[in-house]
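Take a look at this one; I'll ask things after.
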Amino acid sequence: MLYIIGLGLGDEKDITYKGLEAVKKANRVYLEEYTSILTVGKRALEAFYERDDLIVADRELVEQGDEILRDADCADVALLVVGDPFGATTHTDLALRAKKAGIRCQIIHNASIMNAIGCTGLQLYSFGETVSIPFWTETWQPDSFYDKIIGNLSRGLHTLCLLDIKVKEPTLESLVKKKREYEPPRFMTVNQAASQLLQIIQRKESSQLSPEKCLSADSICIAVCRVGSSDQKMTSTTLQKVTALEMGPPLHSLVIAGTLHPLEEEYISEFSL
């Protein structure tokens, strides 16, 4: 059996009982560490699971899948995923590959940012399409996510913005030399995301939409950090003011509010800047 197990969002104790049972009986256990992270590291997980042999799985190992699927037709193999197993298409692909290889696959779900974002007090059914905001470089500054945000706003819907993380990214020098060297891990902050959005706003020509359906420096946003952890933090303010917030360690997410219901307005006022 291949088990793909959601770990939730906080720490080692957020795993479900069903997930913990699968981890303890598995012959091999992989910990995926490139689509997201917990507030605790590998050692804390090993201590709680009472096993000291977790195998860290980077992007290459997960996307290729051969190592993880090895012998899974005659042994129990587990892949641990922060949040919910189907929060990333990579894990969906792995499940499909297992089934095509005749390997039984069991998914054990858990909380993810996609449903835990309800902690903001915004109604989940009032969210539109989720977007991902990538790190920009001097030569690569995509902005396709902006149009999706505008599409949500035009329908009065909120937008959850997932912010980029870079873990075990090869350096440009190593790609040229064909010698594997990696950049230090980087996690986008709400400040960086807001700054990039403001730059896009400045580039775009004036919209035909009414002001309340456009994104501007005065748009109401909620900066959300370390959801599910003991030091979870939320602040509601304008997009412009998000650029100056100090929200602490990763992971960060940004919510752009659409049309607010009075109850939503009342709730977010409790943590308004």
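The values are calculated or read from the model by the stated rules, or taken from the named source; none is laboratory data. Being a predicted model, the structure only gives us computed values, none of them experimental. Because the Cβ atoms are built from the backbone with ideal geometry, glycine has one as well, and the counts that use them run over all protein chains shown. Each accessible area value is taken on the protein alone, full model and side chains, heavy atoms only, with ligands, DNA and RNA left out. Shrake-Rupley method; radii C 1.70, N 1.55, O 1.52, S 1.80 Å.
Can you give the convex hull volume of the alpha carbon atoms of region 134-273 per residue, in Å³?
Dividing the Cα hull volume of region 134-273 by its residues yields 126 Å³.
Moving to a separate point now. Largest first, what is the accessible-area ranking of 247, 114 with a 1.4 Å probe?
My answer, sorted largest first, is 114, 247.
Given a 1.4 Å probe and every protein chain left where it sits, what share in percent of the accessible area of the chain is carbon and sulfur?
It is 50 percent, rounded to a whole number.
When only C-alpha pairs under 8 Å and at least 6 residues apart count, what is the relative contact order of region 1-151, in percent?
33 percent
Now for a different question. Where does the chain land at 222 nm, in deg cm²/dmol rounded to the nearest 500, when only DSSP H runs of n ≥ 4 count, each adding -39500 (n - 2.57), divided by all residues?
When only DSSP H runs of four or more count, the value is -8500 deg cm²/dmol.
Quick check on the chain: of the DSSP beta bridges with both residues there, what percent are antiparallel, nearest 5%? Don't skip to the end; give the middle numbers.
Numbers: 19 of 40 bridges.
So the antiparallel bridges amount to about 50 percent of the total.
Based on alpha-carbon centroids, what's the gap between region 149-187 and region 95-141 in Å, whole number please?
For region 149-187 versus region 95-141, the Cα centre distance is 14 Å.
Can you give the Kirkwood hydrodynamic radius of region 1-64 from its Cα pairs, in Å with one decimal? All intermediate terms of the calculation are to be shown ahead of the outcome.
On the way: mean 1/r = 0.0823 Å⁻¹.
About 12.2 Å for region 1-64.
Give, in nm to one decimal, the length gained when the segment between residue 75 and residue 18 is fully stretched (0.36 nm per residue of separation minus the Cα-Cα distance).
Extra length available between residue 75 and residue 18 comes to 18.7 nm.
Name the long-range amide H neighbours of residue 30: under 5 Å, sequence gap of 5 or more, or other chain; modelled H, no Pro or chain starts.
Result for residue 30 returns 55, 78, 79, 80.
Pairs of lysines 8 or more apart, or on different chains, with alpha carbons under 28 Å: count those in region 148-273, would you?
20
Follow-up question, since we're still on this one. Please find the FRET efficiency linking residue 66 to residue 141, where r is the Cβ-Cβ separation and R0 is fixed at 30 Å, and quote it to the nearest 0.05. Write out the running numbers ahead of the final one.
Numbers: r = 35 Å, r/R0 = 1.18.
Between residue 66 and residue 141 the formula returns 0.25.
Where a ≥ b ≥ c are the square roots of the eigenvalues of the C-alpha gyration tensor, would you call region 20-119 rounded, which needs a/c under 1.5, or, failing that, prolate if a/b is larger than b/c, or oblate? Write out the running numbers ahead of the final one.
On the way: a/c = 1.64, a/b = 1.17, b/c = 1.40.
Since a/c reaches 1.5 but b/c is at least a/b, the shape of region 20-119 is classed as oblate.
To the nearest 0.05, what FRET efficiency results for residue 119 and residue 177 with a Förster distance of 45 Å applied to their C-beta separation?
Approximately 0.50, to the nearest 0.05.
Among the trypsin sites (Lys or Arg not before Pro) within region 131-166, which fall in a DSSP loop and have no more than 13 other Cβ atoms within 10 Å of their own Cβ?
Details: sites: 148, 155, 166; in loops: 155.
Filter output for region 131-166: 155.
With r defined as the distance between the Cβ atoms of residue 270 and residue 217 and R0 fixed at 22 Å, what FRET efficiency is calculated, to the nearest 0.05?
0.40
Oh, and also: State, to one decimal in nm, how far the label point of residue 263 lies from the label point of residue 25, with both points 7 Å from Cα in the Cβ direction.
In this crude spin-label approximation the distance works out to 4.1 nm.
Please identify the GluC sites (Glu not before Pro) of region 241-273 that satisfy two criteria: DSSP loop assignment and at most 16 other Cβ atoms within 10 Å. Which are they?
In loop regions of region 241-273 (DSSP not H, G, I, E or B), the sparsely surrounded GluC sites (Glu not before Pro) are 246, 270.
Go through 68, 113 and list them by solvent-accessible area, largest first, probe radius 1.4 Å.
113, 68
So, for the chain, what is the accessible surface per residue at a probe of 1.4 Å, expressed in square angstrom?
Ligands and nucleic acids excluded, the result is 52 Å² per residue.
Then there's this: For region 223-269 and region 39-61, write down the distance between their C-alpha centroids in whole Å.
30 Å
Hey, any idea what Rg/Rh is for the chain, computing Rh the Kirkwood way over Cα pairs?
Rg/Rh for the chain comes to 1.00.
Test of understanding: in a Gaussian network model of the chain with alpha carbons linked when under 10 Å, which of 125, 30, 146 would top the mean-square fluctuation ranking?
125
Which value does Rg/Rh take for region 58-182 over its C-alpha atoms, Rh per Kirkwood?
With Rh from the inverse mean 1/r over Cα pairs, Rg/Rh is 1.04.
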